[in-house]
Amino acid sequence: MPHSPEIDRARSLIRVVQDHPVPGVAFQDITPLLADARAFRACVEALVEPFAGSFDVVAGVEARGFLLAGAAAMLTGTGLVPLRKAGRLPAPVASASYALEYGEAAIEVSVDLHTGDRVLVLDDVLATGGTLAAAARLVRERGAHVAGAACLLELESLGGRAAVPDAHALIRV
Ligand SMILES: O=P(O)(O)OC[C@H]1O[C@H](OP(=O)(O)OP(=O)(O)O)[C@H](O)[C@@H]1O
Ligand SMILES: Nc1ncnc2[nH]cnc12
């Protein structure tokens, strides 16, 4: 895990909210981090740094992954493809279902992701790993290449790394 003072500071800005969105979940709220210009920039730079030059497209997972993916695409001069929750994109789409810490979901991608694209998959949180693994599956299903998968925050106790062993996690709690 990177130990730069900026990333340590970013980590200190994450707010933990007990019993949200359902009882028993300790919700890691990244909104104070995003609201801090220095922390936000440092995190986006550190998220993409290991993959420099190896991707042409950033794929961000709806919704919080979009916040990082848009910034990462602008920073690196790459395109952005949204991986949206089911039913939001017009057909034709490819779809992948997965389980969450607090429910079930499916994500979809449009034909804007092309065969041979080199894709960096980004999301905010790696919890059980279902989302990031489904995102990588979707990218491969479109014939594109997963250059890497990265998240801002890994919740180690939930064991999601087993589903995405090579994921780059900036902050681990
Ligand atoms: O590793 P997992 O167990 O799959 O969980 C991680 C996912 O959970 C959250 O998504 P969620 O759909 O709850 O929220 P959002 O729409 O606010 O991004 C988070 O943004 C990740 O995408
Ligand atoms: N505990 C948690 N906090 C924030 N986002 C999450 N996504 C899945 N589990 C989460």
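If you count only protein heavy atoms with a 1.4 Å probe, what accessible area per residue comes out for the chain, rounded to a whole Å²?
Per residue, the chain has 47 Å² of solvent-accessible surface.
Looking at the P(r) of region 1-51, how many percent of alpha-carbon pairs lie beyond 18 Å?
Values: 489 of 1275 pairs.
For region 1-51, the share of Cα pairs beyond 18 Å comes to 38 percent.
What is the diffusion coefficient of the chain in µm²/s, taking the Kirkwood radius over Cα pairs and the Stokes-Einstein relation at 10 °C with a viscosity of 1.306 mPa s? Intermediate results must be reported in sequence, preceding the final value.
Values: Rh = 16.1 Å.
For the chosen part, D equals 99 µm²/s.
Over the chain, what percent of the accessible surface lies on carbon and sulfur atoms, probe 1.4 Å? Intermediate results must be reported in sequence, preceding the final value.
Values: 4430 of 8070 Å².
Carbon plus sulfur share of accessible area: 55 percent.
Per the helix-only calculation at 222 nm, which mean residue ellipticity applies to the chain, given -39500 (n - 2.57) for every DSSP H run of n ≥ 4 and division by its residues, nearest 500 deg cm²/dmol? Present the calculation step by step, with values, prior to reporting the outcome.
On the way: 5 runs with 49 residues, N = 173.
The helix-only estimate for the chain comes to -8500 deg cm²/dmol at 222 nm.
How large is the charge dipole for region 88-145, taken about the Cα centre, if only the Cβ atoms of Lys, Arg (+1) and Asp, Glu (-1) carry charge, to the nearest 20 debye? Kindly include the intermediate steps, with their values, before the conclusion.
On the way: 5 positive and 8 negative charges, 45 e Å.
Dipole size: approximately 220 debye.
Taking loop as defined by DSSP and a crowding limit of 13 other beta carbons within 10 Å, which trypsin sites (Lys or Arg not before Pro) in region 61-120 fit? Don't jump to the answer; show the numbers that get you there.
Values: sites: R64, R84, K85, R88, R118; in loops: R88.
Qualifying residues, ordered by number: R88.
Below 8 Å between Cα atoms, with a sequence gap of 6+, how large is the relative contact order for the chain in percent?
19 percent
Roughly how many whole Å is it from the C-alpha centroid of region 5-39 to that of region 142-162?
Taking the Cα centre of region 142-162 as reference, the centre of region 5-39 is 19 Å away.
What is the Cα coordinate range of region 73-122 on the first, second and third principal axes, sorted by size from largest, in whole angstrom?
That gives 35, 25, 18 Å along the principal axes, largest extent first.
How much length, in nm to one decimal, is gained on full extension between A105 and D36, taken as 0.36 nm per residue of separation minus their Cα-Cα distance? Kindly include the intermediate steps, with their values, before the conclusion.
Numbers: separation 69, 0.36 × 69 = 24.84 nm, distance 3.01 nm.
Between A105 and D36, full extension yields an extra 21.8 nm.
Which order do the peptides 124-137, 147-160 take when ranked by the mean count of other beta-carbon atoms within 10 Å per residue, highest first?
Ranking, from highest mean packing down: 124-137, 147-160.
Taking 0.36 nm per intervening residue step and subtracting the Cα-Cα distance, what contour gain separates D8 from H145 on full extension?
Taking 0.36 nm per residue and subtracting the Cα distance, the gain is 46.2 nm.
The values are calculated or read from the model by the stated rules, or taken from the named source; none is laboratory data. Computed from a prediction, not measured in an experiment: that's the story for all the values here. Don't worry about glycine lacking a Cβ; one is built from the backbone with ideal geometry, like all the others, and counts go over all protein chains shown. Surface accessibility is based on the protein's heavy atoms, side chains included, excluding ligands, DNA and RNA. Shrake-Rupley method; radii C 1.70, N 1.55, O 1.52, S 1.80 Å.
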